[in-house]
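The next block holds one structure in the form of structure tokens; read it before the comments.
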Amino acid sequence: MTKKAILLFVLVALLLMPAAITHGDGEVWHTHTVTSGQTLSYIASLYRISLSQLRQANGLRSDMIVTGQTLEIPLSAPLVAYRIGVGDTLSSVARRYGVSVWQIQAVNGMGTSTIVYHGQTLYLPPSVVPTPAPSASPIPTQPPATRVPTRSFTATPAKPVVQEAIVITSPVLNSRVKSPLVVTGWGSGYENRLSVKVLDEDGKSLGGGSVTVDAPFGQYGIFSGTITFRAPTKAEVLRVQVYSTSPRDGAIEHLNSVLVKYQP
């Protein structure tokens with residue numbers, strides 16, 4: 001690859017990188033690019049702001065968003081930036097700071113890609129906060145003078161967390177649903193498929209189907225699908241289950257679920 005091609009690649013990468021901007025009023029704003037499977041409520045929870053704040057910041061009258069759309073995220077403090085070093089991988093960075101791979105991917109608009117390169121700057125989720133680290137004391141070469149101490153800020157690694165095998169981003173807890181139901185999230189499954197089931201208050205199945213994981217075969221990625229279920233005759237709290245099964249005996253390997261509300 002020629003020097004000109006390398007320079008062009010670096011410039012394009014810098015242009016596509018999410019930006020953090022400080023406005024004149026002191027607020028910090030981060031530009032988020034919507035990727036497949038993301039919902040407005042999921043993005044709000046990712047940045048730890050309310051859904052109404054996110055709507056107001058972007059002049060939205062509904063929760064409808066599309067892949068590729070950019071949203072301005074109001075933050076109380078800048079996101080911590082991490083520069084990729086030799087030997088770093090997306091998984092090692094996630095483990096070091098106690099966040100999940102999919103959170104870093106979402107904040108940086110990476111989709112399902114896990115590719116990083118030396119010198120690349122990644123923004124970390126708001127759960128990672130900067131802590132002051134005092135710099136080394138300067139060695140005076142002239143008579144002592146009054147100095148203003150300086151401090152640099154570095155991200156403090158958090159306690160490692162276990163990434164859930166299946167994460168449901170839509171529908172969200174206690175949201176109102178109807179049939180057909182769009183189910184999205186993150187996970188992995190045999191032949192890139194996960195099973196979905198909708199249960200009533202008595203635990204009886206109202207319907208189900210499957211969702212497809214958009215990722216290289218057998219890897220973790222975004223899933224999305226539309227599920228049809230039999231509508232109850234009265235208002236009920238339903239449970240939406242998403243699970244993976246063993247290709248050997250059909251047993252459930254991983255399962256996650258969310259409670260939702262149905263109103264005739």
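Okay, residues lined up against (1) assigned to a strand (DSSP E or B); (2) among the basic types (K, R); (3) touching an Asp or Glu at 6+ places or on another chain (Cβ under 9 Å):
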| site | (1), (2), (3) |
| --- | --- |
| V172 | no, no, no |
| K197 | yes, yes, no |
| V211 | yes, no, no |
| P216 | no, no, no |
| Q219 | no, no, no |
| G225 | yes, no, no |
| T233 | no, no, no |
| L255 | yes, no, no |
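Residues in region 36-52: is at least one at pLDDT below 80 and surrounded by fewer than 12 Cβ atoms within 10 Å (Cβ to Cβ)?
no
Restricted to region 189-207, and to residues that are closer than 19 Å to G218 by Cβ and not hydroxyl-bearing (S, T, Y), which residue is modelled with the highest pLDDT? Step through it out loud before you land on a result.
So the first thing to find is which residues in region 189-207 are closer than 19 Å to G218 by Cβ, and the list is 189-195.
Keeping just the survivors that are not hydroxyl-bearing (S, T, Y) gives 189, 191-194.
Values: G189: 83, E191: 82, N192: 83, R193: 88, L194: 92.
Once the filter is applied, the top-ranked residue is L194.
Anything in region 189-219 that is crowded, with 21+ Cβ neighbours inside 10 Å and touching a residue at least 40 places away in the same chain (Cβ under 8 Å)? List them, or say none.
Answer for region 189-219, where residues must be crowded, with 21+ Cβ neighbours inside 10 Å and touching a residue at least 40 places away in the same chain (Cβ under 8 Å): G189, L194, V196, V198.
Here are some conditions: (1) within 27 Å of the chain's Cα centre (by Cα); (2) at pLDDT below 90; (3) polar (S, T, N, Q). T228 meets all but one. Which one does it not meet?
Result: T228 fails condition (2) only.
The values are calculated or read from the model by the stated rules, or taken from the named source; none is laboratory data. This one's a predicted model, so the numbers in the text were calculated from it and none came from an experiment. Here the Cβ is made from the backbone with ideal geometry for all residues, glycine too, and neighbour counts use every protein chain on show.
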